[in-house]
Amino acid sequence: MIKPYLAVIADSFHSALASRILWIAMVAIWIFLAALAPIGYHEDYTTTFRWFDLDNGTQMKAMLARGLVDPKESETALGRLARTFPEDIQRKLRQVARGEDVRIDKGALADSLNESLDNEDWYDAEAWRTTVRLRELRELDEIPDDEISEPERRRRARLRIEAALPGVFTAMSARSITLSYAGFDFPAFFLIGKEQFVSLINQFVVPIMMDWLLGFALIFLGILVTASIIPDMLQPGSLHLLLSKPISRTMLLLSKFIGGCAFVFLCVSQLVIGLWLISGFRLDIWNARVLWCIPVAVFLFAVFFSVSLLAGLRWRSPILSIGVTCMFGAFVLVIGLIGGYFDALVRSPDRISQMSFDGQDIVIATRGGELKRFDNDSNQWADVIEGDFRRRDLIVPPVRIAPGKIATARIRGGRFNLYGSGSLDLLVLDRSKDWKPNPGLRLPNGTRRLLVVGNRMIAFNNTGLMATTIEQVLDESGIDDDEPDQTSDDRTTESGSESDNQPEAEDGSPSIEVSKIGVTAWITDLIRMQGGATEAFRVILPKGVTLTDPVRLDVLPDGRSLVVYARGRLMRMELPGGGDDAQRKTATLAADLMLDDNDAARATMAAAGQSVLLARADEPVRWYQADTLALLAEFPAPKDRTVVAAEGLGATDRFALLTTDGSVRIATRSGDRVEWGTLPQSEVTAIKYDQQSGRLAIAHHIDSIDFVAIGPDATASATIQRAVRPSLTSWRSVDRYVITPLRTLTPQTGELSQTVAALVSGKTSFAIGDVANEEQEVVQLKIVRPVASCSLFLAVMLTLSCVYFARRDF
């Protein structure tokens, strides 16, 4: 009984083989594989500076300008490095020192630094002794000059430059991948290591290949080749000959369908297996999961071929079959684009990223750069600070500083440049004024986190930690906006104006007649420009401690200690006690633990009770004793997910962990063992522990919040004591009631690339973005939805085709 159907399948296959388009496609595949075969790679030290390495150009300009004009910096690492820049850049830096608004191209700065890599006359061991050197630099410094290799020497020079300019450069991998072709290096290289390169291939390159190479080119060619199978079968004499055999019409049609898919299977197999062999032999990436692309690509073709099948039955024309299939593909593409538009511009900007509470009042920051509060009367989120998602403003996470008072700040364009544009003022939200933001103290430039420790507010930026009193924050927040501003900007202008009238030397530098007062004013402004102390905020970072990204901070429940993680270094700092002198003292380094550097791995940290939890990417989660930083337990992340946020649950020595799959788990330690309890919420975007109520706030499904009371142990249930379900806005209503149903009813062929990414990488979700940012962008791959929607569509189309073919008299 099977032989007649096998004969039909073979006949369909032979019909496809007779197509010239097929042979053109086969030859194109072989040529494409042959062209890719010479590709290769090699891994070397990361040495060369690129313009995008300069994460904080404003801070760099200020530091270099200070190194040029400050006599105290002349023989320091900063001063010696600043003098290596060309004269035109030095002239612009002196203009920066005088308070002028000067733009210096990042590419020119990077080129100057690259020249310094080859000529290290600027280096002096004594000058660099006061800089904070990473473990890698210390190890390279121990290698004698006559034994060090050229790549190692250039790497050492780069690390010395980074030590002289802390906080300026993006955290990069120690080794980089350089692609080559036929032995010649490409002009550009990937500033990532081998492990990150493999992840890039699996999570991004393979899905793109699935979308365009397999999902567009081969599918289109496959439809061109197979579109004639059904019309040819319906030709007079052909159908009657086939039906004269003991076979049913339904099985005959399905056999033809399978024959067309078998042809595409052979074509796709050649391409995918060829790419897999090239990636293995040439790139040392032997990932057998890449072969999952073959069945997924055939499945994708089957969806489009089912449309061609029904069109061929109805009109018996290959041309019309191709045309109808192309229109179907265009319709699916448009629906996918509209859905992506709503995801990016309607849903994503409204997602909650940070939360702060004052009693029953809730203030949130969104991923779209907006600050909102929950209005109980309208049951909606009301704007406190409106944002423009395209402008990419950055909201400093809001923090409660006093009853009825919440502090935050907005950095304009902060997602592109942490130092933003213009001055950075602390914004104090007052409940008595309907939570309207009131400008207060001038914050240190580049502030990205505010913390409250006892009666102090601490601001964290790339230069370190600075503190002021809560009392001063509240006093200054009541200043009338109409009063003249006596902050550093006015003095900068004044000092700059005065300096402009001073005589200059021929090289553009101030003459020796410039008063010490003028120079001091310049230096003070430069310190503020690079993120240094302001009038109110004083440096509290212990001497000799530098915070290198990624940096994570949290406050211990004792109200006087900070736990700080800075690229392989875990520290506990105690703030000075009360009294008038306390504001002029720095914190004390009470405990210090050095960990493996791990190339600036993504990290998450939280403190609770007497415990500290640290989770670094692709490493076990570690549980430390807060006082001594002694390791208490080490365990894998739940279900091998990446931890993207952690919250200590007060004084209970328990933690809530948010993982990339959007789930929240409660970790409870019992000896050297950790027990997990999973909460029922899904699609979680942020978590925050409310110290006042002792409840865990869980933001999920874009802008909903659950306030959960956690039971006393890992097996106890969690109770939702308050649920915030805001009403939908107009565009969100369109998304829910129009776009979402339309996407559900339409086969999501474009999202099959996400299914491939999950199968190839072995991960269903992962975090992306700068490791320095605590707010991490999470990508959750859709696996079941596209497979289910395409399978349902395929079943419906085949059923309609079989019914039509069985009941129609051809």
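The values are calculated or read from the model by the stated rules, or taken from the named source; none is laboratory data. If you're wondering where the values come from, they're calculated on a predicted model, not measured in any experiment. In this analysis, Cβ positions are derived from the backbone assuming ideal geometry, glycine residues included, and neighbour counts consider all displayed protein chains. Accessible surface areas use protein heavy atoms only, side chains included; no ligands, DNA or RNA. Shrake-Rupley method; radii C 1.70, N 1.55, O 1.52, S 1.80 Å.
List of remarks:
- Summary of packing: across the peptides 214-226, 113-125, the per-residue average of other C-beta atoms within 10 Å ranks them, highest first, as 214-226, 113-125.
- Radius of gyration (Cα atoms) of the range 306-400, expressed as a multiple of 2.2 N^0.38 Å: 1.87.
- Sorting 21-34, 52-65, 427-440 by average packing, meaning the other beta carbons within 10 Å per residue, from highest down gives 52-65, 427-440, 21-34.
- Counting only protein chain heavy atoms and rolling a 1.4 Å probe, the accessible areas of M209, M327 rank, largest first, as M327, M209.
- Dividing the alpha-carbon radius of gyration of the range 25-90 by the rule-of-thumb value 2.2 N^0.38 Å gives 2.12.
- Taking all pairs of distinct alpha-carbon atoms in the range 91-222, Kirkwood radius in angstrom: 18.7 Å
- When the P(r) is computed for the range 677-810, the part past 19 Å accounts for 70% of the Cα-Cα pairs.
- In this structure the amide hydrogen of L465, modeled in the peptide plane, comes within under 5 Å of the amide hydrogens of I540, L541, none closer than 5 places in sequence on its chain.
- Accessible surface ranking for E136, E386, 1.4 angstrom probe, highest first: E386, E136.
- Extension gain, A806 back to A10 (0.36 nm per residue minus Cα-Cα distance, nm): 284.4 nm
- Using C-alpha pairs below 8 Å separated by at least 6 residues, the relative contact order for the chain is 12 percent.
- Label-point separation in nm, D44 to R392, each point 7 Å along Cα→Cβ: 3.0 nm
- Per residue of the chain, the DSSP helices (runs of n ≥ 4 H) give a summed -39500 (n - 2.57) that works out to -11500 deg cm²/dmol at 222 nm.
- Spacing of the two label points (7 Å from each Cα toward its C-beta) at E147 and L266, in nm: 6.2 nm
- Efficiency of FRET between E471 and E126 - r from beta-carbon atoms, R0 41 angstrom, step 0.05: 0.40
- Counting only protein chain heavy atoms and rolling a 1.4 Å probe, the accessible areas of L631, L309 rank, largest first, as L631, L309.
- Carbon and sulfur %, accessible surface of the range 661-810 computed with the full protein complex present, 1.4 Å: 56 percent
- For the set K372/K405; K585/K688; K61/K436, the pairs lying more than 26 angstrom apart at their alpha carbons are K585/K688; K61/K436.
- Candidates per chymotrypsin sites (Phe, Trp or Tyr not before Pro) in the range 245-288, loop by DSSP, up to 13 other Cβ within 10 Å: W286
- Neighbourhood net charge (11 Å Cβ-Cβ; Lys/Arg +1, Asp/Glu -1) for I739: +2
- Long-range HN-HN contacts of R569 with modeled amide H, under 5 Å: L595
- I2 accessible area, assembled protein chains, probe 1.4 Å, Å²: 120 Å²
- Per-pair calculated FRET efficiency, R0 = 51 Å: T178 and Q625 via Cβ, rounded to 0.05: 0.70
- Multiplying the residue separation of F216 and R449 by 0.36 nm and subtracting their alpha-carbon distance yields 79.3 nm.
- Packing-based order for 558-566, 644-652, using average beta carbon neighbours within 10 Å, highest first: 644-652, 558-566
- Rounded to the nearest 10 degrees, the inclination of helix 2-17 to the longest alpha-carbon principal axis of the chain is 70 degrees.
- For the pair D383 and W30, the difference between a 0.36 nm per residue extended length and the Cα-Cα distance amounts to 121.3 nm.
- At the residue level, T588 shows approximately 80 square angstrom of accessible surface with a 1.4 angstrom probe and all protein chains present.
- The percentage of C-alpha pairs in the chain whose separation is greater than 46 Å is 37%.
- Probe 1.4 Å, accessible area per residue of the chain, Å²: 45 Å²
- Separation of the V738 and I208 label points, Cα + 7 Å toward Cβ, nm: 3.3 nm
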